[in-house]
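Below is one structure, written out as structure tokens; the observations come after it.
The values are calculated or read from the model by the stated rules, or taken from the named source; none is laboratory data. Since we're looking at a predicted model, the values are computed, not measured. A quick note on method: Cβ atoms are made from the backbone with ideal geometry, for glycine too, and the neighbour counts reach across all protein chains shown. The area values use the complete protein model at the heavy-atom level, side chains included, leaving out ligands, DNA and RNA. Shrake-Rupley method; radii C 1.70, N 1.55, O 1.52, S 1.80 Å.
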Amino acid sequence: MSLLRRTAALGSVAALAVTGALATSAPASADETDTSLAEVLAADGNKFDRDQKDFDVLDRAVRVVLGAKPESPVALLADGTQTLTAFAPTDLAFRRLARDLVEPAAGQNERKAFKALAANVDVDTLETVLLYHVVAGSKLDSTAVVAADDQAVETAQGGSVTVRVDGSKITLEDGDASDADPRVTVTDINAQANQLAHAINRVLRPVDLP
């Protein structure tokens, strides 16, 4: 499948009504802090580096969407008073995506991966993909995720991911049946606040990209 067709396939789901997708998020309770995931994921700096396990590309992607669309529901990731769970792709995950969608050389490092994706994926599609990683209104810690084995979890994009648990391995089955599914690598990031995240080693894809 050509890159143009792949991008068009992703873009076709961008027409979903995302404007009110996160409206169900619950208010903060009195005993929780309001540290947002955006703060936590950018805590070690947001410059491209050689640490493929952090979230520099994800941080940049969120900022690109909000720069172009300040009213995007993606902004909830920066509002720590709202409750959500995010499956956060690491920098390695985005490098893998760039290799798959563009060319192998595009995944050599974080900077090249981001530039390649930014040049080939429009903002609406990027917004859609980011929302596919968010579960709004629910704080699903690692225990809750494991308990959801074989269950579909609805995302803010409108689609769902299915949790698969095999021993200590947690895999998320996305909308792309032709590619390897993301695996959870780190759990319960920012667990004491309203917003928590689980790191994943691939970017979730809302549609099939053969």
Go through the residues of the range 149-166 one by one and say whether even a single one is open to solvent by 50 Å² or more (accessible area, probe 1.4 Å) and touching a Lys or Arg at 6+ places or on another chain (Cβ under 9 Å). yes
Considering only the range 112-138, state which residues are within 15 Å of the chain's Cα centre (by Cα) and either at positive phi or open to solvent by 40 Å² or more (accessible area, probe 1.4 Å) (or both). V123, D124
Looking at the range 93-105, which of its residues are at pLDDT 95 or above and either surrounded by 15 or more Cβ atoms within 10 Å (Cβ to Cβ) or touching a strand residue (DSSP E or B) at 6+ places or on another chain (Cβ under 9 Å) (or both)? A93, F94, R95, R96, L97, A98, R99
Check whether at least one residue in the range 167-184 is hydroxyl-bearing (S, T, Y), open to solvent by less than 30 Å² (accessible area, probe 1.4 Å) and within 22 Å of P73 (Cα to Cα), and report yes or no. no
Just to be sure before I move on: is A106 within 14 Å of the chain's Cα centre (by Cα), of a type in the set (G, A, S) and under 25 Å from D49 (Cβ atoms) in the structure I sent? no
Of everything in the range 119-149, what is touching a residue at least 40 places away in the same chain (Cβ under 8 Å), in a helix (DSSP H, G or I) and of a type in the set (V, I, T)? Give them in sequence order. V123, T125, T128, V129, V145
Check the range 68-91 and report whether any residue there is touching a Gly at 6+ places or on another chain (Cβ under 9 Å), more than 21 Å from D174 (Cα to Cα) and among the charged types (D, E, K, R). no
Yes/no for D188 being at pLDDT 95 or above and either in contact with a Lys or Arg (Cβ under 7 Å, 6 or more places away or on another chain) or open to solvent by 30 Å² or more (accessible area, probe 1.4 Å) (or both): yes
Given the conditions (1) under 23 Å from R183 (Cα atoms); (2) β-branched (V, I, T); (3) in contact with an Asp or Glu (Cβ under 6 Å, 6 or more places away or on another chain), and given that V145 satisfies all but one, which numbered condition is not satisfied? (3)
Against the conditions (1) surrounded by 15 or more Cβ atoms within 10 Å (Cβ to Cβ); (2) more than 20 Å from A61 (Cα to Cα); (3) of a type in the set (D, E, K, R), where does D141 fall short? Just the number, please. (1)
Of all residues in the range 150-186, how many are assigned to a strand (DSSP E or B) and on the phi > 0 side of the Ramachandran plot? 0
Does D208 qualify as being part of a loop (DSSP other than H, G, I, E, B) and among the acidic types (D, E)? yes
Within the range 22-59, residues modelled with pLDDT of 75 or more and of a type in the set (D, E) come out as D34, E39, D44, D49, D51, D54, D56, D59
Residues located in the range 42-65, provided they are open to solvent by 40 Å² or more (accessible area, probe 1.4 Å) and either over 18 Å from F114 (Cβ atoms) or in contact with a helix residue (DSSP H, G or I) (Cβ under 6 Å, 6 or more places away or on another chain) (or both): A43, N46, Q52, R60
